[in-house]
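Trainee: Sending over a structure as structure tokens; questions will come in a sec.
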Amino acid sequence: MKDFRLLALSFCFIFSVFCAYAILRPVRDALGIHDSTDELKWLFLGTFVFTLFGSFVAVWASGRLSKRRYFDAVFGFLL
């Protein structure tokens, strides 16, 4: 029963992350093309650079922290 509870909680967490992304992406795109479509490329570049930087930080932290502290840090950041 405990495994089902953890499965349900993880499903709700991932579902809410994907819903937030699906809701915020059109808003981000609309704000990016508000003035002109020339600025949209910089918005996508900024998103790419931030994601790349974040993945390097996550890899670095995974080597420095224990599993439990790493997952707590990642989930705490995402919430």
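The values are calculated or read from the model by the stated rules, or taken from the named source; none is laboratory data. Just so you know, these numbers come straight off a predicted model, no measurement behind them. Ideal geometry is used to build each Cβ from the backbone, glycine not excepted, and the neighbour counts take in all protein chains shown. These area figures cover heavy atoms from the full protein model, side chains too; ligands, DNA and RNA do not enter into them. Shrake-Rupley method; radii C 1.70, N 1.55, O 1.52, S 1.80 Å.
Trainee: Could you calculate the contour length gain from residue 70 to residue 6, that is, 0.36 nm times the residue separation minus the distance between their Cα atoms, to one decimal place in nm?
Mentor: 21.3 nm
Trainee: Along the Cα→Cβ direction, 7 angstrom out, place labels at residue 49 and residue 19. What is the inter-label distance in nm?
Mentor: The modelled label-to-label distance comes out at 3.3 nm.
Trainee: Treat every Asp and Glu Cβ in the stretch 4-44 as -1 and every Lys and Arg Cβ as +1, leave all other atoms uncharged, and give the resulting dipole magnitude about the Cα centre to the nearest 20 debye.
Mentor: 340 debye
Trainee: Work out the charge dipole of the stretch 25-65 with +1 on the Cβ of Lys and Arg and -1 on the Cβ of Asp and Glu about the Cα centre, then indicate which of 47, 37, 60 is farthest towards its positive end.
Mentor: Comparing the listed Cα positions along the dipole, 60 ranks first.
Trainee: Now for a different question. From Cα coordinates alone, what are the radius of gyration and Dmax values for the chain in angstrom?
Mentor: Values for the chain (Cα only, Rg and Dmax): 16.7, 53 Å.
Trainee: Just the number please: accessible area per residue for the chain, 1.4 Å probe, all protein chains included, in Å².
Mentor: 91 Å²
Trainee: Just the number, please: carbon plus sulfur as a percent of the accessible area of the chain, 1.4 Å probe, no ligands or DNA/RNA counted.
Mentor: C and S atoms contribute 74 percent here.
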